[in-house]
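For reference, the structure discussed in these notes is given below.
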Amino acid sequence: MTPEITNYIGYAASIFVVISFALKDIKKIRILNLIGCAFFVLYGFFNGYLWPVIIPNGILCFIQVYHLIKKT
């Protein structure tokens, strides 16, 4: 993966996470945050295995999926 594309993945992740904080509907918050965290996990893998980025965002992905499934 080229460094430019990797940077775009990181920017997209940041945008999704920030937008999720601006919403009021909890389901939309969890979905956008899940997308952002997933992009951060990809960013961490493509940027040389950045474990401090991969681990917490991977855990947050599972938490968001759990709550999304639990709510429905």
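The values are calculated or read from the model by the stated rules, or taken from the named source; none is laboratory data. Keep in mind that what you see is a predicted model, and the values were worked out from it rather than measured. With ideal geometry, Cβ positions are generated from the backbone for all residues, glycine too; neighbour counts draw on all protein chains shown. Heads up: the accessible areas ignore ligands, DNA and RNA and are worked out on the full protein's heavy atoms, side chains in. Shrake-Rupley method; radii C 1.70, N 1.55, O 1.52, S 1.80 Å.
Worth a mention:
- Extension gain, residue 49-residue 70: 0.36 nm per intervening residue step, less the Cα-Cα distance, totals 4.5 nm.
- As a ratio to 2.2 N^0.38 Å, the alpha-carbon radius of gyration computed for the chain takes the value 1.11.
- Extended-chain gain in nm, criterion 0.36 nm per residue less alpha-carbon gap, residue 21 and residue 8: 2.6 nm
- Basic side chains Lys and Arg get +1 at the Cβ, acidic Asp and Glu get -1 at the Cβ, and with that the dipole of the chain about its Cα centre reaches some 440 debye.
- Taking the helices alone, the chain has a mean residue ellipticity at 222 nm of -30000 deg cm²/dmol, built from -39,500 (n - 2.57) per DSSP H run of at least 4 residues and averaged over all its residues.
- In a DSSP loop and with at most 13 other Cβ atoms within 10 Å, the trypsin sites (Lys or Arg not before Pro) in the range 1-52 are 24.
- Note that the chain presents 69 Å² accessible area per residue, ligands and nucleic acids not counted, probe 1.4 Å.
- Across the chain, Cα pairs under 8 Å and at least six residues apart give a relative contact order of 31 percent.
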